[in-house]
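Chemist: Quick one: structure below, then a few questions.
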Amino acid sequence: MIVAKALLVDDEIPFVETMTKRLNKRDFSISSAFSGVDALKHLEENSEVEVVILDVKMPGMDGIETLKIIKQRFPLVEVIMLTGHGTIESAIEGMKLGAFDYLVKPCDMEQLVAKVSEAAMKKRKHNEKIIEAQLKDIALRRI
């Protein structure tokens with residue numbers, strides 16, 4: 001059973017490849033992107049993504065810019081920011097912009113697994129509430 005469907009976004013290819021393998025072994029469905037632009041394109045094409053694991057510091061469009069756009073275009077997708085020690089302020093800014101949480105790299109694998117699972121559950125609960133509201137609306141229209 002898939003625990004969560006997540007997109008891992010980081011410009012460090014070896015890091016992405018290693019983390020993808022480690023998360024897939026824990027029954028996560030992980031896709032990857034190596035830039036903010038690639039992440040947004042992936043989200044446009046894959047509506048099943050529940051959680052984005054997003055590096056703060058990337059060349060070009062950084063994690064904060066990417067987060068802002070994700071929250072505008074895909075407001076229900078949860079975002080976990082990954083940050084190095086020098087960019088904790090950016091991660092806190094990300095929290096203010098709607099990120100689910102942030103972790104400092106290198107992050108503990110079990111902590112990442114727990115955060116991604118929590119974020120996926122939050123998104124699923126939001127989706128359930130939306131469906132319930134839509135069903136109530138349909139039922140009320142029939143009366």
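Derivation of every value follows stated rules applied to the coordinates shown; laboratory data play no part. Remember, predicted model here, so these are calculated numbers, not experimental data. Reconstructed Cβ throughout: ideal geometry from the backbone, glycine too, with neighbour counts over all protein chains shown.
Chemist: Can you find a residue in the stretch 41-51 that is in contact with a helix residue (DSSP H, G or I) (Cβ under 6 Å, 6 or more places away or on another chain), buried (at least 16 other Cβ atoms within 10 Å of the Cβ) and not aliphatic (A, V, I, L, M)?
Modeler: yes
Chemist: Consider ILE88 carefully, then state whether it is β-branched (Val, Ile, Thr) and under 15 Å from the mean Cα position of the chain (by Cα).
Modeler: Taking the combined requirement at face value, the residue does not satisfy it.
Chemist: Can you tell me how many residues in the stretch 63-93 are under 19 Å from MET19 (Cβ atoms) and not β-branched (Val, Ile, Thr)?
Modeler: Summing the residues that are under 19 Å from MET19 (Cβ atoms) and not β-branched (Val, Ile, Thr) in the stretch 63-93 gives 8.
Chemist: From the set of residues in the stretch 96-129 that are over 16 Å from LEU82 (Cβ atoms) and free of Cβ contacts under 8 Å to residues at least 24 places away in the same chain, which is surrounded by the most Cβ atoms within 10 Å (Cβ to Cβ)?
Modeler: Ranking the candidates gives MET121 first.
Chemist: Let me ask you something else. Here is a list: ASP101, ASP55. Which entry is under 12 Å from the mean Cα position of the chain (by Cα) and under 13 Å from ASP10 (Cα atoms)? Steps first, answer last, please.
Modeler: On the way: ASP101 fails: under 13 Å from ASP10 (Cα atoms).
Going through ASP101, ASP55 in turn, just one is under 12 Å from the mean Cα position of the chain (by Cα) and under 13 Å from ASP10 (Cα atoms): ASP55.
Chemist: So, LYS25, is that one surrounded by fewer than 16 Cβ atoms within 10 Å (Cβ to Cβ) and over 19 Å from LYS122 (Cα atoms) or not? Before you say what the answer is, go through the steps one by one.
Modeler: Values: surrounded by fewer than 16 Cβ atoms within 10 Å (Cβ to Cβ): yes; over 19 Å from LYS122 (Cα atoms): yes.
Spelling it out, LYS25 is indeed surrounded by fewer than 16 Cβ atoms within 10 Å (Cβ to Cβ) and over 19 Å from LYS122 (Cα atoms).
Chemist: Something else now. I'm told LEU8 meets every condition in (1) crowded, with 16+ Cβ neighbours inside 10 Å; (2) outside any strand (DSSP E or B) except one. Can you identify the failing condition by its number?
Modeler: All conditions pass for LEU8, except number (2).
Chemist: Of (1) assigned to a loop (DSSP other than H, G, I, E, B); (2) under 21 Å from GLN111 (Cβ atoms), GLU48 satisfies all except one. Which?
Modeler: (2)
Chemist: Let me ask something else about it. Mind checking which residues of the stretch 35-52 are touching a residue at least 40 places away in the same chain (Cβ under 8 Å) and touching an Asp or Glu at 6+ places or on another chain (Cβ under 8 Å)?
Modeler: GLU50, VAL51, VAL52
Chemist: Can you tell me which residue is farthest from PHE74 (Cα to Cα) among those in the stretch 11-34 that are in a helix (DSSP H, G or I), of a type in the set (Val, Ile, Thr) and in contact (Cβ under 8 Å) with a residue 12 or more places away in the chain? It would help to see each step written out before you state the result.
Modeler: Step one: of the stretch 11-34, the residues in a helix (DSSP H, G or I) are 13-24.
Going one step further and asking which of them are of a type in the set (Val, Ile, Thr), we end up with 13, 16, 18, 20.
From the residues that got through so far, the ones that are in contact (Cβ under 8 Å) with a residue 12 or more places away in the chain too are 13, 16, 20.
Numbers: ILE13: 25, VAL16: 22, THR20: 22 Å.
Once the filter is applied, the top-ranked residue is ILE13.
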